[in-house]
Amino acid sequence: MPLTDLPQIEREPLWDRVYTELRDALLGGKFSPGEKITIRSIASAMGISPTPVRDALTRLIAERVLDQGPQGSAIVPAITAETFRQIVAVRSNLEGMATAEAARVATPEDVAEGKRRLELLVQLIDRGEFDTYLDRHREFHFHIYRTARMGVLMETIENLWLRSGPVLNLVVPDYVLRRRGSDFHRGALEAIEAHDPKGARSAIVADIEAAGQYILSLADAAGVIRRPEAAPA
């Protein structure tokens, strides 16, 4: 991840501000599995002292989102195929539940906002603008889940995305260009608009499982999910 993507913070922040920024970067797939994150590099990128960065990384390590690295650093964990299968199974259940509930309680305004977010995703694909795609993709999904108005469930879903965020960036651009995700997203929104919980759940689970199968196909001989090597020119 280019550290210049992290925002400058003008004044000495509280450590929770840094924690939130790093958490959002992990949710959005800005860091890759195995990537080393140092206190010095994050502090320099954000224009702040090392102390709040150290505190934020310590919390993320305690939450098992990051692994402890050498000499004041943290490591984005690699994910094995078996761990990822478990994450996909749990995500399918929880996010399916949230989407079904969203279909029961969604207002016309909720549906309209979902359609706006989906249209933005389609435009990004059409223009080949993938730098922000994962952020907008997450916002689309989380809009649906927040529509369910189930705070405890939402917190649990966010924690699972933190575990899987670093490998979600492997769907860009190849899988995204197949547009299967867009089709499932549209199907989920149509079911939500029709107040069809079963159809909404089915569409979002199909979305999670299809992307999951693609990511699992990238596991190496040791069962670790990695970005495939670029083909020689």
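The values are calculated or read from the model by the stated rules, or taken from the named source; none is laboratory data. Predicted model only: the values in this text are computed from it and were never measured. A quick note on method: Cβ atoms are made from the backbone with ideal geometry, for glycine too, and the neighbour counts reach across all protein chains shown. These area figures cover heavy atoms from the full protein model, side chains too; ligands, DNA and RNA do not enter into them. Shrake-Rupley method; radii C 1.70, N 1.55, O 1.52, S 1.80 Å.
How many of the residues making up segment 131-161 are surrounded by fewer than 18 Cβ atoms within 10 Å (Cβ to Cβ), of a type in the set (A, V, I, L, M, F, W, C) and closer than 22 Å to Ile37 by Cβ?
1
Check whether at least one residue in segment 63-71 is open to solvent by less than 60 Å² (accessible area, probe 1.4 Å), modelled with pLDDT of 90 or more and farther than 25 Å from His141 by Cβ, and report yes or no. Steps first, please.
Taking segment 63-71 as the starting set, the residues that turn out to be open to solvent by less than 60 Å² (accessible area, probe 1.4 Å) are 65-66, 69.
Now restrict to residues that are modelled with pLDDT of 90 or more: 65-66, 69.
Adding the requirement that they be farther than 25 Å from His141 by Cβ leaves 69.
Yes, there is a match, as at least one residue in segment 63-71 is open to solvent by less than 60 Å² (accessible area, probe 1.4 Å), modelled with pLDDT of 90 or more and farther than 25 Å from His141 by Cβ.
Is one or more of the residues making up segment 73-88 surrounded by fewer than 20 Cβ atoms within 10 Å (Cβ to Cβ) and on the phi > 0 side of the Ramachandran plot?
No, the conditions are met nowhere in segment 73-88.
Is it the case that Ala102 is at negative phi and at pLDDT 95 or above? Outline the logic, then answer.
Numbers: at negative phi: yes; at pLDDT 95 or above: yes.
So Ala102 passes the test.
If only one of Glu101, Glu113 is surrounded by 19 or more Cβ atoms within 10 Å (Cβ to Cβ) and charged (D, E, K, R), which one is it?
Working: Glu113 fails: surrounded by 19 or more Cβ atoms within 10 Å (Cβ to Cβ).
Going through Glu101, Glu113 in turn, the sole match is Glu101.
Within segment 116-130, work out how many residues are acidic (Asp, Glu) and crowded, with 16+ Cβ neighbours inside 10 Å. Don't jump to the end; show me each part of the working.
Let us first name the residues in segment 116-130 that are acidic (Asp, Glu), namely 119, 126, 129.
Those left that are additionally crowded, with 16+ Cβ neighbours inside 10 Å: none.
Qualifying residue count, segment 116-130: 0.
Under 9 Å between Cβ atoms, at least 6 apart or on separate chains: pull out the pairs that start in segment 140-160 with a residue that is on the phi > 0 side of the Ramachandran plot and of a type outside the set (Ser, Thr, Tyr) and end on any residue that is open to solvent by less than 70 Å² (accessible area, probe 1.4 Å) and not in a helix (DSSP H, G or I).
That search, which allows pairs on different chains as well, returns nothing.
I'd like to check something: does segment 213-228 contain any residue that is under 12 Å from the mean Cα position of the chain (by Cα), among the polar types (S, T, N, Q), closer than 19 Å to Pro77 by Cα and open to solvent by 10 Å² or more (accessible area, probe 1.4 Å)? Please lay out each step first, then the result.
If we filter segment 213-228 for residues that are under 12 Å from the mean Cα position of the chain (by Cα), which is where we start, we get none.
No, segment 213-228 has no match at all.
Counting only residues that are open to solvent by less than 50 Å² (accessible area, probe 1.4 Å) and either in contact with a His (Cβ under 9 Å, 6 or more places away or on another chain) or in contact (Cβ under 8 Å) with a residue 40 or more places away in the chain (or both), how many does segment 182-202 have? Outline the logic, then answer.
Our first condition is that a residue be open to solvent by less than 50 Å² (accessible area, probe 1.4 Å); within segment 182-202, this holds for 182, 184-185, 187-189, 191-192, 197, 199-200.
Still in the running and either in contact with a His (Cβ under 9 Å, 6 or more places away or on another chain) or in contact (Cβ under 8 Å) with a residue 40 or more places away in the chain (or both): 182, 185, 188-189, 191-192, 197, 199-200.
The number of residues fulfilling the criteria is 9.
Restricting attention to segment 102-116, does a residue exist that is of a type in the set (A, V, I, L, M, F, W, C), outside any loop (DSSP other than H, G, I, E, B) and closer than 24 Å to Asp24 by Cβ?
To start, the set of residues in segment 102-116 that are of a type in the set (A, V, I, L, M, F, W, C) comprises 102-103, 105-106, 111-112.
Then keep just the ones that are outside any loop (DSSP other than H, G, I, E, B); that gives 102-103, 105, 111-112.
Adding the requirement that they be closer than 24 Å to Asp24 by Cβ leaves 102.
Checked against the condition, which is being of a type in the set (A, V, I, L, M, F, W, C), outside any loop (DSSP other than H, G, I, E, B) and closer than 24 Å to Asp24 by Cβ, segment 102-116 yields at least one hit.
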